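The values are calculated or read from the model by the stated rules, or taken from the named source; none is laboratory data. Everything quoted here is computed from the prediction, not taken from an experiment. Cβ sites come from the backbone with ideal geometry, for glycine too, and all protein chains shown count toward neighbours. Keep in mind that these areas ignore ligands, DNA and RNA; they rest on the heavy atoms of the full protein, side chains included. Shrake-Rupley method; radii C 1.70, N 1.55, O 1.52, S 1.80 Å.
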Amino acid sequence: MKRVVAAFSLLGLALAQEAHRVAITHPGGSYNQEVAFLWPWVYFFSVVIFAVVAGALAYVTWKFRARPGDTGEPPQIHGNDRLEVVWTLIPLAIILVLFGLTARALILVNKPIPGALKVEVTGYQFWWDFNYPELGLRNSNELVLPAGVPVELEITSKDVIHSFWVPGLAGKRDAIPGQTTRISFEAKEPGLYYGFCAELCGASHARMLFRVVVLPKEEFDRFVEQAKASPAPVADERGQQVFQQNCAACHGVARSMPPGVIGPDLGLLGNRTSLGAGIVENTPENLKAWIRDPASMKPGVKMPGFPQLSEEDLDALVRYLEGLKVEGLDLKALPKF
């Protein structure tokens with residue numbers, strides 16, 4: 001019975017992952033398209049090699065099997081120079097073909113794209129910061145990009161080694177303190193792409209997630225224009241006061257990179273699809289639970305809880321934070337990859 005329950009649990013997890021369609025084979029970006037070009041070649045040669053080896057093994061097993069009445073050893077074969085040359089040259093040719101195709105793909109995916117939009121990506125325990133130096137814009141835990149426009153990510157870390165990975169768009173790049181790694185790609189289709197930290201970095205490594213939000217170029221331009229404009233009207237003045245008294249020492253809402261702020265920027269929190277660096281859906285209920293006791297949702301998080309806030313203050317703070325957004329954008333409606 002326990003095995004049946006475990007099997008159904010694993011099936012449920014598999015189906016849940018399938019709903020998000022997180023796969024390195026998804027050709028959502030130019031990087032993945034180059035990698036996907038290699039898959040048919042690898043599959044083809046793998047099938048051919050398996051068929052030849054398994055077929056030869058089955059043939060010799062059947063042909064030279066012991067038969068009733070056989071005594072002694074059968075005639076022995078001590079070598080065949082022509083056959084040995086053939087089975088050496090054919091694998092060598094396969095290796096050279098795969099080497100050439102792989103080298104071509106590596107050159108293309110690591111080649112800088114002229115005129116690419118630059119984004120500075122910084123990993124922290126356990127969240128991600130995204131700064132657009134050319135646009136004068138900053139966001140945290142959700143990287144917003146335009147479809148059909150090449151981008152170059154400059155990736156680093158402020159504490160330990162992390163690894164930035166968006167399976168549906170591109171490959172992995174380590175985020176190393178004091179160093180900058182780069183990756184270039186072009187997102188081909190709008191959607192909500194799931195990202196992960198792929199390097200063990202502490203207690204909440206498995207919960208150090210993020211989203212890449214790919215918008216049509218026109219929507220992205222409108223998003224940037226409105227995000228850089230004057231801040232949205234305060235949704236709740238009492239909530240703003242609660243924020244200034246309890247949150248402003250660590251978080252900013254300016255959508256820029258002010259000095260001394262050590263937590264994620266919250267200037268666009270109302271537009272985000274998730275909270276806590278991708279661990280729960282962005283809803284008022286989840287936001288209240290996160291503010292009260294973030295450690296219960298994300299072990300190792302550096303944000304303290306605020307159980308001392310009254311229910312009225314907490315509701316006002318949530319209304320204020322939910323109002324920090326660009327109006328007219330429903331990012332949750334995007335396809336999920």
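For residues that are at pLDDT 90 or above and in a loop (DSSP other than H, G, I, E, B), scanning just the stretch 190-203, find the one that is most open to solvent (accessible area, probe 1.4 Å).
200
Within the stretch 16-31, does at least one residue satisfy the condition of being modelled with pLDDT of 75 or more and either in a helix (DSSP H, G or I) or loosely packed, with under 10 Cβ neighbours inside 10 Å (or both)?
Taking every residue of the stretch 16-31 in turn, at least one turns out to be modelled with pLDDT of 75 or more and either in a helix (DSSP H, G or I) or loosely packed, with under 10 Cβ neighbours inside 10 Å (or both).
Applying the selection to the stretch 236-247, what residues are among the aliphatic types (A, V, I, L, M) and exposed (fewer than 15 other Cβ atoms within 10 Å of the Cβ)?
Residues of the stretch 236-247 that are among the aliphatic types (A, V, I, L, M), as a first pass: 242.
Scanning the stretch 236-247 gives no hits.
Taking residue 285 and the conditions (1) at pLDDT below 90; (2) assigned to a helix (DSSP H, G or I), which numbered condition does it fall short on, given that it satisfies the others?
Looking at each condition in turn, residue 285 falls short on (1).
I'd like the full set of residues that are buried (at least 17 other Cβ atoms within 10 Å of the Cβ) and closer than 19 Å to residue 240 by Cβ, limited to the stretch 279-302.
287, 290, 291
Could you grab me the full set of residues in the stretch 49-69 that are more than 21 Å from residue 90 (Cα to Cα) and either in contact (Cβ under 8 Å) with a residue 12 or more places away in the chain or polar (S, T, N, Q) (or both)? So that I can check it myself, show each step before the final result.
Narrowing the stretch 49-69 to residues more than 21 Å from residue 90 (Cα to Cα): 61-69.
The answer is 61, and nothing else.
Need the failing condition index for residue 107 against (1) open to solvent by 10 Å² or more (accessible area, probe 1.4 Å); (2) part of a loop (DSSP other than H, G, I, E, B); (3) not basic (Lys, Arg), just the number.
Of the numbered conditions (1) open to solvent by 10 Å² or more (accessible area, probe 1.4 Å); (2) part of a loop (DSSP other than H, G, I, E, B); (3) not basic (Lys, Arg), the odd one out for residue 107 is (2).
Can you tell me how many residues within the stretch 309-337 are outside any helix (DSSP H, G or I) and under 19 Å from residue 294 (Cα atoms)? So that I can check it myself, show each step before the final result.
First, the residues of the stretch 309-337 that are outside any helix (DSSP H, G or I): 309-310, 323-330, 334-337.
Restricting the remaining residues to those that are under 19 Å from residue 294 (Cα atoms) gives 309-310.
Count: 2.
Could you look through the stretch 50-83, keep only residues that are assigned to a helix (DSSP H, G or I) and open to solvent by less than 80 Å² (accessible area, probe 1.4 Å), and pick out the one that is farthest from residue 187 (Cα to Cα)?
From the stretch 50-83, those assigned to a helix (DSSP H, G or I) are 50-63, 81-83; that's our starting set.
Imposing the further condition that a residue be open to solvent by less than 80 Å² (accessible area, probe 1.4 Å) reduces the set to 51, 54-56, 58, 60.
On the way: 51: 38, 54: 41, 55: 43, 56: 45, 58: 47, 60: 51 Å.
Within the stretch 50-83, the match that is farthest from residue 187 (Cα to Cα) is 60.
Tally the residues that are open to solvent by 10 Å² or more (accessible area, probe 1.4 Å) and assigned to a strand (DSSP E or B), restricting the search to the stretch 147-176.
7
Check off (1) at pLDDT 90 or above; (2) within 19 Å of residue 140 (Cβ to Cβ) for residue 311 and give me the number that stays unchecked.
(2)
Evaluate the following for residue 101: is it open to solvent by 40 Å² or more (accessible area, probe 1.4 Å), closer than 30 Å to residue 195 by Cβ, touching a residue at least 24 places away in the same chain (Cβ under 8 Å) and part of a helix (DSSP H, G or I)?
On the way: open to solvent by 40 Å² or more (accessible area, probe 1.4 Å): no; closer than 30 Å to residue 195 by Cβ: yes; touching a residue at least 24 places away in the same chain (Cβ under 8 Å): yes; part of a helix (DSSP H, G or I): yes.
It is false that residue 101 is open to solvent by 40 Å² or more (accessible area, probe 1.4 Å), closer than 30 Å to residue 195 by Cβ, touching a residue at least 24 places away in the same chain (Cβ under 8 Å) and part of a helix (DSSP H, G or I).
Which residues, counting only those in the stretch 111-138, are open to solvent by 10 Å² or more (accessible area, probe 1.4 Å) and in a strand (DSSP E or B)?
Matches in the stretch 111-138: 117, 118, 120, 122, 124, 127, 131.
Select from the stretch 166-215 the residues that are under 12 Å from residue 32 (Cα atoms) and within 12 Å of the chain's Cα centre (by Cα) and list them in ascending order.
166, 167, 168, 169, 170, 171, 172
Criterion first (surrounded by fewer than 19 Cβ atoms within 10 Å (Cβ to Cβ) and more than 26 Å from residue 284 (Cα to Cα)) does residue 225 satisfy it? Step through it out loud before you land on a result.
Numbers: surrounded by fewer than 19 Cβ atoms within 10 Å (Cβ to Cβ): yes; more than 26 Å from residue 284 (Cα to Cα): yes.
Criteria met by residue 225.
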